[in-house]
1. Quick check on the chain: helices-only [θ] at 222 nm, where DSSP H runs of length 4 and up contribute -39,500 (n - 2.57) each and the sum goes over total residues. Nearest 500, please.
2. Quick one: which of 128/280; 315/339; 252/339; 70/299; 244/299 span more than 22 angstrom between C-alpha atoms?
3. Taking only C-alpha pairs under 8 Å that are 6+ residues apart, what is the relative contact order of the chain in percent?
4. Expected output is a single nm value to one decimal: the length gained when fully extending between residue 211 and residue 20, i.e. 0.36 nm times separation in residues minus the C-alpha distance. What is it?
5. So how far, in whole Å, is the C-alpha centre of the stretch 121-157 from the one of the stretch 166-213?
6. For a test of the definition: using alpha carbon positions, the gyration tensor, and the 1.5 limit on a/c, classify the stretch 1-50 as rounded, prolate or oblate.
7. Just report the Cα centroid separation between the stretch 62-92 and the stretch 287-336, whole Å.
8. Could you give the length gained on full extension between residue 308 and residue 232, defined as 0.36 nm per residue of separation minus the Cα-Cα distance, in nm?
Amino acid sequence: MATLASGHTAKVIEGSEKAKLTEDFPGFKKGWVRLFPGGWLLSRPFCKVADKLYNFEFRKDDVLVMSWPKCGTTWTQELVWTMRNSPNLDHPDAGLVIMNRVPFMEADMFAEESPKEDPSPVSETFKKLCPNGDPRDGMNYQLAQAIPDPRTLKTHLAFSLFAPSLLEKTKVVYVARNPKDIVLSFLHHHKLFKEMSFNGSLEAFVEYFLQDDLLYGPYWLHLREAWQKRGHPNLHIVFYEDLKADVMRELKRLDDFLGTGLSHDQLANVAKHASFDEMKASDSLMIGKYVINQEVLEKDGGFFRQGKSGDWKNKLTPDLIDKMDQWIAQKCDFGISFK
Ligand code: A3P
């Protein structure tokens, strides 16, 4: 057991719980830890970066895009970055890989210990921006420090894993999505990436989600922590469903929050640039060939899978819908009703 700067106790998952996770997620070789209080389930190497992230020096011009996985974080980070850096679509980095301009703060907890056959986009950017940095100290963390202002950063960690002063220091855009769509998107993610290679059924995966046993842990606690802060002037909450329904309205709200003062035409540029089809075209740049299961890619799509809301109505069985509805009714007692 280790105690982190956030005050959490990290307990390494062992025994039968580890054996079950290892059997169902055979690609995941790094081990798991659970943090208390909260029960956040994270990759074991998270403990190496936890304190650095907790003590990360945010600046007032930073924008941190935060969400539980599969809520549309990548879409939102691209919208935010483009609004702030390239509303006329003329920034020289606009064509680069998304994650190179918006560092994924805790991604070092997934980093491979041994080198891969082809260099990752992150390692290339790392060499450029941190020429004296040691990759073993966490490339993503160092990139988050090194990218030029104004920085747009991304995390799937919850508020409680950052210092309580976070919102006093910087703006946060929090993205939420209907958990019935999240679970399908996350299932795809766990099949697509070799480092997960989930080999169970949809029913088993839903059960993992409902029991808070997927990486990143309790969905409702993550959302609740953000929702409780919703009146804070430095916090902006956006729903995936609202982005899908009327992206221009949501961009206008974001424009007010970020203070970017963009014209209608500039917002329309941003919306088009970050449309699903445009972003999907960069799928092969986002993820190296060696990290994905090719047959899943061909059958069900890549990182940018389908970009729809409400597909759970077609994919979840009546039993699973019933189960999830009961879970939502029990857990979501703080006034959100998903579209
Ligand atoms: P689906 O798997 O349902 O298609 P995250 O970035 O948080 O991991 O979320 C990924 C989800 O957002 C995926 O959902 C992905 O396709 C969707 N997404 C990414 N870019 C999008 C865009 N420009 N428009 C709509 N959905 C997008």
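Bear in mind these aren't lab numbers, they're just calculated from the coordinates by the rules spelled out. No experiment lies behind these values; they were computed from the predicted model shown. Note that we place each Cβ from the backbone using ideal geometry, even for glycine, and neighbour counts take in every protein chain shown.
1. Details: 18 runs with 151 residues, N = 339.
Theoretical 222 nm ellipticity from helices: -12000 deg cm²/dmol.
2. Values: 128/280 26 Å; 315/339 17 Å; 252/339 20 Å; 70/299 19 Å; 244/299 24 Å.
Correct reply: 128/280; 244/299.
3. Values: 468 pairs, mean separation 77.7, N = 339.
Computed value for the chain: 23 percent relative contact order.
4. Working: separation 191, 0.36 × 191 = 68.76 nm, distance 1.37 nm.
Stretched fully, the residue 211-residue 20 segment lengthens by 67.4 nm.
5. Comparing the Cα centres of the stretch 121-157 and the stretch 166-213, I get a distance of 24 Å.
6. Details: a/c = 2.65, a/b = 1.86, b/c = 1.43.
Prolate is the answer for the stretch 1-50, as a/c is 1.5 or above and a/b outweighs b/c.
7. One Cα centre to the other: 22 Å.
8. Working: separation 76, 0.36 × 76 = 27.36 nm, distance 2.97 nm.
Stretched out fully, the residue 308 to residue 232 stretch lengthens by 24.4 nm.
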